[in-house]
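Enquirer: Below is the structure I would like to discuss, written out as C-alpha cells.
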Amino acid sequence: MAQALLLPELEADEREKPVNVASVPQRSPFRYPGGKTWLVPLFRRWMMSFSSQPKTLVEPFAGGGIISLTAAFEHLADRVVMVELDEQIAAVWETILGGDAKWLAKKLLAFELTTESAKAELAKPPQSCRELAFQTILKNRTAHGGILAEGAGVLKHGENGKGILSRWYPQTIAKRITNIEFVTKRLEFIHGNAFEILTEYRNDKSAVFFIDPPYTAGGKRAGSRLYNHSEIDHEKLFSVCEKLHGDFLMTYDNAAEVLALAERHGFSTRPVAMKNTHHAEMSELLIGRNLDWVEDGGVFREEPIPFSVTVFAQRNNPLRRKAVTK
Ligand SMILES: C[S@@+](CC[C@H](N)C(=O)[O-])C[C@H]1O[C@@H](n2cnc3c(N)ncnc32)[C@H](O)[C@@H]1O
C-alpha cells in the first residue's frame, strides 16, 4: 500500500526493477536506430543542472522518444512536447497518447507472429491511425535494426538465432505502452516539422530543448538509410538554436564538419564515449552553449542490462523497503 502511494504512476513491472542508480528503464515501445537510451544518465544531469525545474522540454526529433519519456516519468520538466515528422512513428505516439494505448497493447498480445503472418499484416493498407501504429510496431520489431525506412527487410535469421521472434517481446512492449498512459497528462505529441516547433518556442525562456537530428551533416549517409526523413538543413538548425531563448542540448556524430559548424556558431562541444550494442566504442558529440555540467569520464552504454534478467520481487528488495519506511 505504502509503495503504491510512493510510486502511484507505475505499474508492477516498473516498480519491481532493482534499485540501481546506473540503470536506465527501457520505456519506449520502439527499438530505435540512433536511440538515446545510453544518454539518459547525462540527460538527467543536464536537466538537474538548472536552478529550477524547466517548465517545458521540447524534443523536436523525437523518434523512439526515450528522452521525452524519461523526462515525463521522472518529472524532469512540468510538461514535455515531442515532435516527429515520420507518419508511421507519429501514428504510434498519436495512438498511445490519444486514448488507444490499451487497444494497441491488446492487439500486440493477441498477434501470433510468424514470418507469414507478419508479411500478410504488413501488406494490408492500414484503415486507421491505430492500425498503422500496430503495423509500425510490428515492422520495427521484425525489420533489421528496427529500421522503418523504405526498403528495410524483415528478419530472416533473427539477431540471436530466434528468427523473426528475436525482438518480439509482446508482453514487455504492451506493458511499456500502457505505462505511458500514466504520464499522458504531461506529454504532448505533435506530428510536424522540428523547425516550425523550434520557431514557435523560440522566445520561451522557460523551455529547454533536446535536439537529436538525423546524422547527415557533411553528406554522411549513415543517417539517410535509417529514416524516411533524413535530409535536414544542418546550418539552419544551428542558426535556429542560436536564437533560442531557452537552453538546448544537441547530439551529433563526432565529425569534423559538425565541430566546424559548432565553432562557427560559438557553441561548446564535448565528445562522449558510448558502447553500442556490438560493444564497439563510438564517439558522439554533445553541443550546447555551456557544457560545464558534463563531468569527464564514464562510458555510457547504449542498452542497459536486458529487461528480462533484472526483474526480482519488490518485497525482497531491501533498498526499496528502506525507502518506504522513511
Ligand atoms: C536521430 S533520430 C532521433 C532518435 C531519438 N532521439 C531516440 O532516442 O529515439 C532523428 C529523428 O528525426 C526525425 N526527423 C527528421 N527530420 C525531421 C523534421 N524535419 N522534423 C521532425 N522530425 C524529423 C526522423 O524521422 C528521426 O526519427
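Enquirer: So Lys124 ticks every box in (1) touching a helix residue (DSSP H, G or I) at 6+ places or on another chain (Cβ under 8 Å); (2) of a type in the set (Lys, Arg); (3) modelled with pLDDT of 90 or more; (4) within 16 Å of the ligand (Cβ to nearest atom) but one. Which box is left unticked?
Expert: It is condition (4) that Lys124 fails.
Enquirer: How about segment 29-46: which of its residues are near the ligand (Cβ under 9 Å from one of its atoms) and within 13 Å of Glu284 (Cα to Cα)?
Expert: If the condition is that a residue be near the ligand (Cβ under 9 Å from one of its atoms) and within 13 Å of Glu284 (Cα to Cα), then Gly34, Gly35, Lys36, Leu39 are the ones that fit.
Enquirer: Any idea which of Glu263, Glu242, Glu235 is within 21 Å of Pro54 (Cα to Cα), in the same structural domain as Met48 (by TED's automatic domain parsing), surrounded by fewer than 16 Cβ atoms within 10 Å (Cβ to Cβ) and of a type outside the set (S, T, N, Q)?
Expert: Criteria check complete, one pass: Glu242.
Enquirer: Additional query: Which residue is nearest to Ile89 (Cα to Cα), if the candidates are limited to segment 173-205 and must be in contact (Cβ under 8 Å) with a residue 24 or more places away in the chain and loosely packed, with under 15 Cβ neighbours inside 10 Å?
Expert: Restricting to residues being in contact (Cβ under 8 Å) with a residue 24 or more places away in the chain and loosely packed, with under 15 Cβ neighbours inside 10 Å, the top hit is Gly192.
Enquirer: Still on this structure: Residues that are more than 20 Å from the chain's Cα centre (by Cα), of a type in the set (Lys, Arg), in a loop (DSSP other than H, G, I, E, B) and away from the ligand (no atom under 12 Å from the Cβ): does segment 241-248 have at least one?
Expert: The answer is no; no qualifying residue exists.
Enquirer: Next question. Does Thr95 satisfy the criteria of being of a type in the set (Val, Ile, Thr) and either within 30 Å of Arg270 (Cβ to Cβ) or assigned by TED's automatic domain parsing to the domain that holds Leu198 (or both)?
Expert: Considered against the rule, which asks whether it is of a type in the set (Val, Ile, Thr) and either within 30 Å of Arg270 (Cβ to Cβ) or assigned by TED's automatic domain parsing to the domain that holds Leu198 (or both), Thr95 comes out as no.
Enquirer: Sticking with this structure for a sec: Mind checking which residues of segment 71-88 are within 21 Å of Tyr227 (Cβ to Cβ), buried (at least 24 other Cβ atoms within 10 Å of the Cβ) and more than 6 Å from the ligand (Cβ to nearest atom)?
Expert: Met82
Enquirer: What number goes with the only condition from (1) part of a helix (DSSP H, G or I); (2) at pLDDT below 95; (3) over 15 Å from Ser28 (Cα atoms) that Arg141 does not pass?
Expert: Result: Arg141 passes all but (3).
Enquirer: Which of (1) out of contact with any Leu (no Cβ under 6 Å at 6 or more places or on another chain); (2) part of a loop (DSSP other than H, G, I, E, B); (3) near the ligand (Cβ under 10 Å from one of its atoms) is the odd one out, the single condition Phe195 does not satisfy?
Expert: (2)
Enquirer: Name the residues in segment 24-60 that are assigned to a loop (DSSP other than H, G, I, E, B) and within 22 Å of Ala273 (Cα to Cα), would you?
Expert: Residues satisfying the conditions are Val24, Pro25, Gln26, Arg31, Tyr32, Pro33, Gly34, Gly35, Lys36, Met48, Ser49.
Enquirer: How do the helices (runs of 4 or more DSSP H) wholly within segment 62-126 filter down when requiring 1 or more residues that are among the polar types (S, T, N, Q) and within 30 Å of Phe50 (Cα to Cα): which remain?
Expert: 66-73
Enquirer: Among the charged types (D, E, K, R), modelled with pLDDT of 95 or more and closer than 18 Å to Leu198 by Cα - does that describe any residue in segment 95-108?
Expert: no
Enquirer: To continue, here is another question. At negative phi and without any contact (Cβ under 8 Å) to a residue 12 or more places away in the chain - does that describe any residue in segment 24-39?
Expert: no
Enquirer: Hey, can you tell me all the residues within segment 89-104 that are in contact (Cβ under 8 Å) with a residue 60 or more places away in the chain, more than 15 Å from the ligand (Cβ to nearest atom) and out of contact with any Pro (no Cβ under 9 Å at 6 or more places or on another chain)?
Expert: Leu97, Ala101, Lys102
The values are calculated or read from the model by the stated rules, or taken from the named source; none is laboratory data. Keep in mind that this is a model prediction, so the values were computed, not measured. With ideal geometry, Cβ positions are generated from the backbone for all residues, glycine too; neighbour counts draw on all protein chains shown.
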